[in-house]
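S.K.: Handing you this structure, nothing more for now.
The values are calculated or read from the model by the stated rules, or taken from the named source; none is laboratory data. Remember, predicted model here, so these are calculated numbers, not experimental data. Cβ atoms come from the backbone with ideal geometry, glycine included; neighbour counts cover every protein chain shown.
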């Protein structure tokens, strides 16, 4: 196979093979694609974290990535109107133990958290797309499987 290279750093085939176990798929090729894309994104985030010098200690990859994302991702809290619109569209799914729709006031914090999480996922997706677009990636076509942002509305 063609080596996967991210900004002059190769991701070894063996590493992609190990990563495949975390990406169940219909075929071996799809699992390879998912694993390779995940590793490319991780590598881009680590390269950016090092470029930005986001942490004093750089031996924990997850900590580096978390620090980078905390620095670059800003999401505004959803407004009351957006929360009420979500409630109106999804009230049929917000049921109590008795099967009755829960009142808005009882689920407002849950709705606010869901909308904020969606905004955060979207912001991370846009950020990753920007990193991919600005990078030299060879050996893989990016964008086939990574980070679908699913909406309930």
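S.K.: Can you tell me which residues in region 65-89 are surrounded by 10 or more Cβ atoms within 10 Å (Cβ to Cβ), in contact (Cβ under 8 Å) with a residue 24 or more places away in the chain and either under 30 Å from residue 54 (Cβ atoms) or in contact with a helix residue (DSSP H, G or I) (Cβ under 8 Å, 6 or more places away or on another chain) (or both)?
M.R.: Scanning region 65-89 gives 69, 72, 73, 75, 77, 78, 82, 83, 86, 87.
S.K.: Same structure, new question: Between 64, 115, 109, which is under 16 Å from the mean Cα position of the chain (by Cα), in a helix (DSSP H, G or I) and modelled with pLDDT of 95 or more?
M.R.: None of the others qualify; the one that does is 115.
S.K.: Among (1) under 25 Å from residue 143 (Cβ atoms); (2) within 19 Å of the chain's Cα centre (by Cα); (3) part of a helix (DSSP H, G or I); (4) at pLDDT below 95, which single condition is residue 29 missing?
M.R.: (2)
S.K.: Considering (1) at pLDDT 95 or above; (2) within 30 Å of residue 12 (Cβ to Cβ), say which one residue 59 fails and leave the rest.
M.R.: (1)
S.K.: If only one of 44, 69 is assigned to a helix (DSSP H, G or I), within 22 Å of residue 120 (Cβ to Cβ) and in contact with a strand residue (DSSP E or B) (Cβ under 7 Å, 6 or more places away or on another chain), which one is it?
M.R.: The conditions single out 44.
S.K.: Scan region 95-108 and report the pairs whose first residue is within 10 Å of residue 84 (Cα to Cα) and whose second residue is in a loop (DSSP other than H, G, I, E, B), with Cβ atoms within less than 9 Å and a gap of 6+ or a chain change.
M.R.: 104/94
S.K.: Filter region 1-16 down to the residues that are modelled with pLDDT of 95 or more and touching a helix residue (DSSP H, G or I) at 6+ places or on another chain (Cβ under 8 Å) and list them by number.
M.R.: Scanning region 1-16 gives 4, 6, 7, 9, 11, 15, 16.
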